[in-house]
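The values are calculated or read from the model by the stated rules, or taken from the named source; none is laboratory data. Since we're looking at a predicted model, the values are computed, not measured. Positions of Cβ are generated from backbone atoms using ideal geometry, with glycine treated the same way; all protein chains shown enter the neighbour counts. Note: accessible area is taken over every heavy atom of the protein model, side chains too, but ligands, DNA and RNA are not part of it. Shrake-Rupley method; radii C 1.70, N 1.55, O 1.52, S 1.80 Å.
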Amino acid sequence: ITTNVELETLNPRLRSRLMDEELVHRYKVNAPDYRNSRPQQGTILSDLRLYGSYRFETFEVQRGCRPDESQNLQRALGVAHEFAQRKEGWLVLLGASGTGKTHLAAAIGNQCEQDGMQVMFLNVADLLDYLRQTFSPNSSTSFDARFQQVKDAPLLILDDLGAVDQNKSWVKEKLLQIVKHRHVRKLPTVITTTQELETLDSQIRTRLKDRRACLIFSLTVRPFVDRDHPAK
């Protein structure tokens with residue numbers, strides 16, 4: 001039997017039977033509702049738990065790959081692993097959809113979290129949704145508090161920067177604020193995108209191309225789903 005009400009509120013005849021300790025074992029679950037997608041105030045805003053299996057040891061570098069692709073993936077793996085060990089600077093992973101960018105970004109996050117570092121892993125579209133949710137009268141936290149949490153995350157991983165329309169003024173403004181804040185404070189940041197750098201907003205692009213702070217790596221391989229088929 002499951003119930004979301006206190007036993008004391010039930011019909012006395014029903015309650016007396018549910019309170020029978022010779023027959024019934026009762027357990028109260030105090031966890032928050034997992035179906036509520038709105039992060040609670042005071043908790044780290046992150047979807048990294050969805051990518052628990054995305055680790056360095058599960059990253060495929062040979063299956064279905066041509067020699068040049070395997071070499072590129074091995075270099076990408078090395079770059080990501082080195083970032084996870086160093087835990088400083090910026091890393092931008094470029095490449096088509098399905099080439100392994102998200103896997104490597106999540107592997108970095110999982111390794112850093114295992115090492116005791118707080119990690120915020122968010123798809124950019126989801127990040128904007130989480131920010132918009134604070135406008136609701138029922139929100140448990142303010143926009144300013146949540147936005148500051150994103151800007152100051154010890155390690156911020158922004159997955160799929162190209163998933164949103166950056167020409168919309170509000171989207172452009174918020175993404176630029178995050179990038180500027182983290183760039184000037186030299187906070188560790190990982191970004192993945194399917195877009196060419198030249199198509200990004202110029203103010204974001206200039207910071208990503210700052211070689212003093214940021215390493216850019218391109219995954220020049222076919223999508224994973226196509227690697228089991230011979231290249232034409």
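Looking across region 136-152 at every residue that is closer than 11 Å to Ile178 by Cβ and charged (D, E, K, R), the one that is surrounded by the fewest Cβ atoms within 10 Å (Cβ to Cβ) is identified as Asp152.
Looking only at region 80-92, residues that are exposed (fewer than 15 other Cβ atoms within 10 Å of the Cβ) and part of a helix (DSSP H, G or I) come to 3 in all.
The number of residues in region 120-133 being without any contact (Cβ under 8 Å) to a residue 24 or more places away in the chain and either open to solvent by less than 20 Å² (accessible area, probe 1.4 Å) or within 22 Å of Cys214 (Cα to Cα) (or both) comes to 0.
Of the residues making up region 153-173, just one is open to solvent by less than 20 Å² (accessible area, probe 1.4 Å) and of a type in the set (D, E, K, R), namely Asp159.
Yes/no per residue for (1) in contact (Cβ under 8 Å) with a residue 24 or more places away in the chain; (2) in a loop (DSSP other than H, G, I, E, B); (3) more than 12 Å from the chain's Cα centre (by Cα); (4) over 19 Å from Leu93 (Cβ atoms):
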residue: Phe135; (1), (2), (3), (4): no, yes, yes, yes
residue: Gln148; (1), (2), (3), (4): no, no, yes, yes
residue: Leu156; (1), (2), (3), (4): yes, no, no, no
residue: Lys174; (1), (2), (3), (4): yes, no, yes, yes
residue: Lys180; (1), (2), (3), (4): yes, no, yes, yes
residue: Gln195; (1), (2), (3), (4): yes, yes, yes, no
residue: Glu198; (1), (2), (3), (4): no, no, yes, no
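Working only within region 182-193, note down all residues that are open to solvent by 40 Å² or more (accessible area, probe 1.4 Å), touching a residue at least 40 places away in the same chain (Cβ under 8 Å) and either part of a helix (DSSP H, G or I) or within 21 Å of Asn110 (Cβ to Cβ) (or both). Residue satisfying the conditions is His183 alone. Going through region 153-195 one residue at a time, which ones are farther than 24 Å from Thr99 by Cα, modelled with pLDDT of 95 or more and among the acidic types (Asp, Glu)? Result: no residue meets the conditions. Checking Glu22, Glu69 one by one, the residue that is acidic (Asp, Glu), at pLDDT 85 or above and either within 23 Å of Gln114 (Cβ to Cβ) or open to solvent by less than 70 Å² (accessible area, probe 1.4 Å) (or both) is Glu69 and no other.
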